[in-house]
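The values are calculated or read from the model by the stated rules, or taken from the named source; none is laboratory data. As the structure is a computational prediction, the values presented were derived from the model and not from experiment. Counting neighbours? That spans all protein chains shown, and the Cβs are built from the backbone with ideal geometry, glycine included. When the accessible area is computed, the model is the full protein with side chains, heavy atoms only, and any ligands, DNA or RNA have been set aside. Shrake-Rupley method; radii C 1.70, N 1.55, O 1.52, S 1.80 Å.
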Amino acid sequence: MHKKSIEIHETAFVTSTFRSLNEDLSRDVYAKLWGNSRTNVLVEKYLNQVCKEEVSAHCLRNRFFLEEIERLKPEVLINFGSGFSMYPFLLNEHMINVEIDKKEVILCKEEKIKEFQKEGKLPKRTIYFIGVDFSKEYVDVLLETLKTIKGSKSSFILIEGVLFFLSRKDTDKLFELFSKLQEEGDYVGSASFQNDLKNTQGFKKLLDFCNNEMIKTEASDWQTIEDDFYTKNKNYSLENHQDYFSLSKKYNNQVKLEKKLILNEYFYILKKIV
């Protein structure tokens, strides 16, 4: 991999920049804190080469999950693959927040958040930072850690911008962990792409971008998930199901490109039933 290649974790900076470019849509007034010159160059290149509607797509995703968490009022928010999302500072100050991601992302995020708080740019929040090496066996240790933090409190588990990069085996392992951790009445918020995305021009452009800027990859390397993965889960019921187009209608976002050029992502709210 050449020196200018984008590492997977650097996409967290790109996502934050997307959210910062339309604060009215994302409701994320803190995303701009993660801006930097290298990411700005990557964002400009990505928007030009892949899809200009990615700004709106990421803003809508943030807005949807933010408002669902506000509506459901969990006592604990557990964010898997948290990146540099800023939910803890956009939500109720009494909420307990657990941020989980690769160790390099978590170390950077924890350090910078402390710095931002010291400078008065961020309010104080209760946040547990957990760095995980997903290439190793982590489930049992992580589950015990999360049980200690969560106790009997109500919870919302969020997993966005992650499943595309995982295998189905690793995804099943995560959802089994969710079920063991949560109790009846708890929630999961998930974002994923469907298989028909891989037949679109938008995906072909994404693939070209990845091959040029990140890693050599093929369509089969990226995971897509159909609705029945969620609807047939015996431990959860599907409570809400949206996508880029339905959320655009809800939040009055103007869709400017043809559907085949847009990386349409689907969003799910699941409720623990057993």
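Among residues belonging to region 141-175 that are outside any helix (DSSP H, G or I) and free of Cβ contacts under 8 Å to residues at least 60 places away in the same chain, point out the one that is surrounded by the fewest Cβ atoms within 10 Å (Cβ to Cβ).
My answer is S152.
Say we look at region 189-217 and pick out the residues that are within 19 Å of S167 (Cα to Cα), of a type in the set (S, T, N, Q) and in contact with a helix residue (DSSP H, G or I) (Cβ under 8 Å, 6 or more places away or on another chain); which of these is modelled with the lowest pLDDT?
Taking the candidates together, the pick is T217.
Can you tell me which residues in region 158-188 are among the small types (G, A, S) and in contact with a helix residue (DSSP H, G or I) (Cβ under 8 Å, 6 or more places away or on another chain)?
G161
For region 259-274: of the residues being hydrophobic (A, V, I, L, M, F, W, C) and in a strand (DSSP E or B), which is nearest to L197 (Cα to Cα)?
Per the stated criteria, the residue is F267.
Any idea how many residues of region 107-121 are more than 25 Å from L72 (Cβ to Cβ), open to solvent by less than 100 Å² (accessible area, probe 1.4 Å) and assigned to a helix (DSSP H, G or I)?
Of the residues in that region, 6 qualify.
On the given criteria, is L257 of a type outside the set (S, T, Y) and in contact with a helix residue (DSSP H, G or I) (Cβ under 7 Å, 6 or more places away or on another chain)?
no
Does at least one position in region 122-140 carry a residue that is in a helix (DSSP H, G or I) and either among the hydroxyl-bearing types (S, T, Y) or in contact (Cβ under 8 Å) with a residue 12 or more places away in the chain (or both)?
yes
Yes or no: K45 of a type outside the set (F, W, Y) and either open to solvent by less than 10 Å² (accessible area, probe 1.4 Å) or free of Cβ contacts under 8 Å to residues at least 40 places away in the same chain (or both)?
So K45 does not fit the description; no.
Just give me the residues in region 48-82 being open to solvent by less than 10 Å² (accessible area, probe 1.4 Å) and more than 18 Å from E265 (Cα to Cα), in sequence order.
Matches in region 48-82: I69, V76, L77, I78, N79.
Could you please let me know if L206 is open to solvent by 30 Å² or more (accessible area, probe 1.4 Å), out of contact with any strand residue (DSSP E or B) (no Cβ under 9 Å at 6 or more places or on another chain) and not in a strand (DSSP E or B)?
no
Those residues that are loosely packed, with under 13 Cβ neighbours inside 10 Å and either more than 21 Å from the chain's Cα centre (by Cα) or at pLDDT below 95 (or both), I need them from region 218-236; list them, please.
E218, S220, K232, K234
Do any helices (runs of 4 or more DSSP H) entirely within region 9-86 hold 2 or more residues that are at pLDDT below 95, and if so, which?
Filter on region 9-86 gives 11-20, 37-49.
Can you confirm whether region 127-141 contains a residue that is closer than 23 Å to R61 by Cα and touching a Pro at 6+ places or on another chain (Cβ under 7 Å)?
Within region 127-141, one or more residues are closer than 23 Å to R61 by Cα and touching a Pro at 6+ places or on another chain (Cβ under 7 Å).
Taking the criterion of being touching a residue at least 60 places away in the same chain (Cβ under 8 Å), hydroxyl-bearing (S, T, Y) and either in contact with a Phe, Trp or Tyr (Cβ under 8 Å, 6 or more places away or on another chain) or farther than 18 Å from A191 by Cα (or both), would at least one residue in region 67-85 satisfy it?
no
Give the residues of region 231-258 that are under 30 Å from D24 (Cβ atoms), in contact (Cβ under 8 Å) with a residue 12 or more places away in the chain and not in a strand (DSSP E or B), sorted by residue number.
If the condition is that a residue be under 30 Å from D24 (Cβ atoms), in contact (Cβ under 8 Å) with a residue 12 or more places away in the chain and not in a strand (DSSP E or B), then Y244, F245, L247, S248, Y251, N253, V255, K256, L257 are the ones that fit.
Given the conditions (1) open to solvent by less than 10 Å² (accessible area, probe 1.4 Å); (2) within 14 Å of the chain's Cα centre (by Cα); (3) more than 12 Å from L158 (Cβ to Cβ), which single one is not true for K102?
Among (1) open to solvent by less than 10 Å² (accessible area, probe 1.4 Å); (2) within 14 Å of the chain's Cα centre (by Cα); (3) more than 12 Å from L158 (Cβ to Cβ), the lone unmet condition for K102 is (1).
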